[in-house]
Structures are given as C-alpha cells and as structure tokens.
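Q: Here you go, one structure.
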Amino acid sequence: QVQLVESGGGLVQAGGSLRLSCVASVNIFSTYDMAWHRQVPGKQRELVASITATTTTTYSESVKGRFTISRDNAKKTVYLQMNSVKPEDTAVYYCNARKLLTFKDYWGQGTQVTVSS
C-alpha cells in the first residue's frame with residue numbers, strides 16, 4: 001500500500017553535490033514525518049536528517065551545514081540536497097516515512113551514493 005521510491009543516487013566526486021528524491025505513494029503526505037537514513041555494509045543504519053509534518057528539521061552533526069532536507073507536499077516528495085560531499089558520505093541512503101499518531105514506519109528500497117576522493 002505505502003510505497004517510497006528513492007532516486008538521485010550515483011557516483012560523485014568529493015566536494016561535489018547531489019540531490020536525492022523520495023516520492024511517497026500515500027493518501028495524505030502532510031500527515032507523515034519524513035527522514036533520510038544511511039547505511040554502510042556491516043554497520044547500523046544512522047539518521048542523517050529529518051523533517052516533520054510541520055517542517056521542523058533535524059540533522060546529524062556530521063552533515064550539518066552541508067546537507068539540506070526539504071519537502072514538497074503537493075508533489076508528495078522529500079529531498080536531500082547534499083553539498084560538499086565527502087568520501088565518508090558513501091552509503092546506501094534510505095527514505096523513511098512515519099505516520100503521525102500511529103507512528104508506523106515505512107521504508108524505501110534505498111539508493112546508493114558513492115563519493116570518490
């Protein structure tokens with residue numbers, strides 16, 4: 001029923017920029033908090049950035065000042081603008097949607113981001 005589809009991943013050189021997109025197939029997108037997580041093989045998934053239904057944003061310390069999360073409720077899409085990327089940003093990035101009140105989580109399939117040095 002609920003589907004999240006990420007796109008925009010790929011290979012980028014250190015210092016460059018990339019924009020990830022996540023399209024949510026849901027009834028009322030504005031009733032979901034959204035977030036981007038990333039995971040490196042063999043390690044736990046970590047929160048990168050989040051944006052609530054009321055557009056309050058949160059960032060991990062490692063990406064603060066470089067990444068920007070945003071949402072377009074009309075397009076049911078959440079974005080992650082990645083600037084000044086570093087090799088340590090290399091990971092699979094996952095889109096997450098959390099339904100308000102029920103706190104039900106939904107996940108996308110992930111998109112690979114590789115930063116070359």
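Q: Could you check segment 1-13 and list, in sequence order, the residues that are at pLDDT 95 or above and either part of a strand (DSSP E or B) or open to solvent by 60 Å² or more (accessible area, probe 1.4 Å) (or both)?
A: GLN3, LEU4, VAL5, GLU6, SER7, GLY10, LEU11, VAL12, GLN13
Q: Would you mention how many residues in segment 35-67 are buried (at least 17 other Cβ atoms within 10 Å of the Cβ) and part of a strand (DSSP E or B)?
A: Counting residues in segment 35-67 that are buried (at least 17 other Cβ atoms within 10 Å of the Cβ) and part of a strand (DSSP E or B) gives 10.
Quick grid of which residues meet (1) open to solvent by less than 50 Å² (accessible area, probe 1.4 Å); (2) touching a residue at least 60 places away in the same chain (Cβ under 8 Å); (3) touching a strand residue (DSSP E or B) at 6+ places or on another chain (Cβ under 6 Å); (4) assigned to a helix (DSSP H, G or I):
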{"residue": "GLY15", "(1), (2), (3), (4)": "no, yes, no, no"}
{"residue": "ASP33", "(1), (2), (3), (4)": "yes, yes, yes, no"}
{"residue": "GLN81", "(1), (2), (3), (4)": "no, yes, yes, no"}
{"residue": "TYR93", "(1), (2), (3), (4)": "yes, yes, yes, no"}
{"residue": "ALA97", "(1), (2), (3), (4)": "yes, yes, yes, no"}
{"residue": "TYR106", "(1), (2), (3), (4)": "no, yes, yes, no"}
{"residue": "GLN109", "(1), (2), (3), (4)": "no, yes, no, no"}
{"residue": "VAL113", "(1), (2), (3), (4)": "yes, yes, yes, no"}
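Q: Only one residue in LYS99, LYS75, LYS64 is closer than 16 Å to ARG19 by Cβ and either in contact with a helix residue (DSSP H, G or I) (Cβ under 7 Å, 6 or more places away or on another chain) or among the basic types (Lys, Arg) (or both), so which one is that?
A: LYS75
Q: Okay, moving on. Across segment 17-31, which residue is surrounded by the fewest Cβ atoms within 10 Å (Cβ to Cβ) among those that are of a type in the set (S, T, N, Q) and under 15 Å from ASN83 (Cα atoms)?
A: Top of the filtered list is SER17.
The values are calculated or read from the model by the stated rules, or taken from the named source; none is laboratory data. From a predicted model like this one, the values you see are computed outputs, not experimental measurements. Backbone-built Cβ (ideal geometry, glycine too); neighbour counts: all protein chains shown. Just the protein is used for accessible areas: all its heavy atoms, side chains included, with ligands, DNA and RNA removed. Shrake-Rupley method; radii C 1.70, N 1.55, O 1.52, S 1.80 Å.
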